[in-house]
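**Student:** Pasting a structure below so you can have a look.
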Amino acid sequence: MKRSTGHDRAVTTSWGPATRAVRGGTLRSEFGETSEAIFLTSGYAYDSAGQAAARFRGDEPGMTYSRLQNPTVAMVEERLCLLEGAEACRMTASGMAAMTHALMSHLSAGDHLVAGRALFGSCRVLVDTILPRFGIATTVVDGRDTDAWARARRPNTRAFFLETPSNPGLDIVDIAAVADIGHDAGALVVVDNAFASPVLQRPLALGADVVAHSATKHMDGQGRVLAGAVLGSERWINDTYLAMARHTGPVLSAFNAWVVLKSLETIDLRVRRACANALEVATALEPRVARLLYPGLASHPQHDLAMRQMSAGGTIIALFVDDRAQAHAVLDTLELIDISNNLGDSRSLMTHPASTTHASVPEAVREEMGITEGMLRLSVGLEDAADLIADLDQALRAAGR
Ligand SMILES: *Cc1c(COP(=O)(O)O)cnc(C)c1O
């Protein structure tokens, strides 16, 4: 297969981020297609028995089986490497497959993990319940408190896991400071970068070792497919991640990989426009609610840190009304914005975390994560900001605010 002009890393890494998102990773077949092909194939045929043997020995480059490699999946992996500034990437069937394999491929029974407590609901279940079942001890800390990470270290600590900004409380963790503490302890520092996306934040450049993603969110960006990604050094991906994932098979289908690949072409435009909308909506809404959290506003308690490590405030706003009844009343009166627990879509979506995404998290843990009964999470999309503000204004008024 012929690679498109300038495919070598030496050339692609000289491109700016928007060029990388459009052109990075393209593999062009002998037909010269402009839009990348979908290779729906589970296997590959060889010219000779000797060639098959050489591929299996690793002496000859080339693909052997789609649990291990696929051309469409390889395109999106290379494009994401360029966006995150990573040496290597493997796509997964969902964000949770990425989180689970990033941690379980690295940790063994007897090891210890420290995690920021403000995590996506299923990530919290992974840390609190699933990993301990396999003999991995876990400690959760207030991720905003850098000293708490240092205090939680043990001689057997082998990984730090954090999400910033967090879902849905929008806590910010100082990636560079926490990565230093993790490295002192000999821990692998894993960052869930789903909320910010590589457009706004590049954890590897700040010192993290591994980035794990839900590509379901801003990468697809149009609410169609589930997907995930794990990125890190060539050595860690080959020796640690693939030592497990080659055999457990959490891979992304070629079709879903193609959807994400084509969406990445517009990720820079989409995320920047959604951030501009979110800033406008947050500014208009702040005086209308009991409390509002948006990392791009000076009123966010960690605004300075957020602006140091992200290039904009993000696409998610947390707003607080009186109680569950008022929060549900706001949702039930929305005319434009959908009630949905997804996020990072071109459509603005709103949810009540305490009764949906975090309903399975015990109430005490919810409170510790700042998820109150009156909290609403708004994922700002690509509509006109004025229409979003008008919809929220009429819904708040109808709910008695
Ligand atoms: C959605 C999400 C996940 C899980 O991703 P799926 O693609 O739904 O499996 C993990 N972390 C964060 C921060 C998320 O928003």
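**Student:** Within 14 Å of the ligand (Cβ to nearest atom) and under 19 Å from Glu78 (Cα atoms): is that true of Ala245 in this structure?
**Tutor:** No.
**Student:** Identify, by number, the condition in (1) out of contact with any strand residue (DSSP E or B) (no Cβ under 9 Å at 6 or more places or on another chain); (2) within 15 Å of Val289 (Cβ to Cβ) that Leu334 doesn't meet.
**Tutor:** (1)
**Student:** Next question, about the same structure. I'm trying to understand the selection: among the residues of segment 107-123, which are among the small types (Gly, Ala, Ser), crowded, with 23+ Cβ neighbours inside 10 Å and assigned to a loop (DSSP other than H, G, I, E, B)?
**Tutor:** Ala118
**Student:** Let me ask you something else. Return yes or no: is Thr139 under 24 Å from Ile181 (Cβ atoms) and either within 16 Å of the ligand (Cβ to nearest atom) or surrounded by 17 or more Cβ atoms within 10 Å (Cβ to Cβ) (or both)?
**Tutor:** yes
**Student:** Among the numbered conditions (1) closer than 22 Å to Gly223 by Cβ; (2) free of Cβ contacts under 8 Å to residues at least 24 places away in the same chain, tell me where Gly314 comes up short.
**Tutor:** All conditions are met except number (2).
**Student:** Please enumerate the residues belonging to segment 122-157 that are more than 25 Å from Thr357 (Cα to Cα), without any contact (Cβ under 8 Å) to a residue 12 or more places away in the chain and either in the same structural domain as Thr356 (by TED's automatic domain parsing) or among the basic types (Lys, Arg) (or both).
**Tutor:** Scanning segment 122-157 gives a single hit, Arg151.
**Student:** Do we have Arg79 as in a helix (DSSP H, G or I) and either of a type in the set (D, E, K, R) or on the phi > 0 side of the Ramachandran plot (or both) here?
**Tutor:** In short, yes.
**Student:** Right, next: Being within 14 Å of the ligand (Cβ to nearest atom) and modelled with pLDDT of 95 or more is the requirement here; does Val199 meet it?
**Tutor:** no
**Student:** OK, next. Given Leu119, Leu113, Leu170, which one is within 20 Å of Asp209 (Cα to Cα), within 14 Å of the ligand (Cβ to nearest atom) and either in the same structural domain as Gly313 (by TED's automatic domain parsing) or of a type in the set (A, V, I, L, M) (or both)? Break it down stepwise before answering.
**Tutor:** Working: Leu113 fails: within 14 Å of the ligand (Cβ to nearest atom); Leu170 fails: within 20 Å of Asp209 (Cα to Cα).
Criteria check complete, one pass: Leu119.
**Student:** Looking at this structure, is Leu162 within 12 Å of the ligand (Cβ to nearest atom) and closer than 27 Å to Gly110 by Cα?
**Tutor:** Judged against the criteria, Leu162 is a match.
**Student:** Within segment 124-177, count every residue that is assigned to a helix (DSSP H, G or I), under 26 Å from Leu305 (Cα atoms) and among the basic types (Lys, Arg).
**Tutor:** Counting residues in segment 124-177 that are assigned to a helix (DSSP H, G or I), under 26 Å from Leu305 (Cα atoms) and among the basic types (Lys, Arg) gives 2.
**Student:** What are the residues in segment 44-62 that are of a type outside the set (A, V, I, L, M, F, W, C) and surrounded by 10 or more Cβ atoms within 10 Å (Cβ to Cβ), if any?
**Tutor:** Across segment 44-62, the qualifying residues are Tyr44, Tyr46, Gly50, Gln51, Arg55, Glu60, Gly62.
**Student:** Evaluate the following for Gly313: is it crowded, with 23+ Cβ neighbours inside 10 Å, in a loop (DSSP other than H, G, I, E, B) and away from the ligand (no atom under 16 Å from the Cβ)? Explain how you work it out, then say what you get.
**Tutor:** Numbers: crowded, with 23+ Cβ neighbours inside 10 Å: yes; in a loop (DSSP other than H, G, I, E, B): yes; away from the ligand (no atom under 16 Å from the Cβ): yes.
The answer is yes for Gly313.
**Student:** Among the candidates Ala212, Ala243, Ala298, Ala290, single out the residue that is surrounded by fewer than 16 Cβ atoms within 10 Å (Cβ to Cβ) and in contact with a strand residue (DSSP E or B) (Cβ under 6 Å, 6 or more places away or on another chain).
**Tutor:** Ala290
**Student:** Could you tell me whether Ile181 is away from the ligand (no atom under 16 Å from the Cβ), without any contact (Cβ under 8 Å) to a residue 60 or more places away in the chain and closer than 23 Å to Leu126 by Cβ?
**Tutor:** yes
**Student:** Pick from Met104, Met91: which is surrounded by 24 or more Cβ atoms within 10 Å (Cβ to Cβ), within 16 Å of Gly249 (Cβ to Cβ), more than 11 Å from the ligand (Cβ to nearest atom) and not aromatic (Phe, Trp, Tyr)?
**Tutor:** Exactly one residue qualifies, and that residue is Met91.
The values are calculated or read from the model by the stated rules, or taken from the named source; none is laboratory data. Values in this document were obtained by computation on a predicted structure and should not be read as measured data. Glycine also receives a Cβ, built like all others from the backbone with ideal geometry; neighbour counts cover every protein chain displayed.
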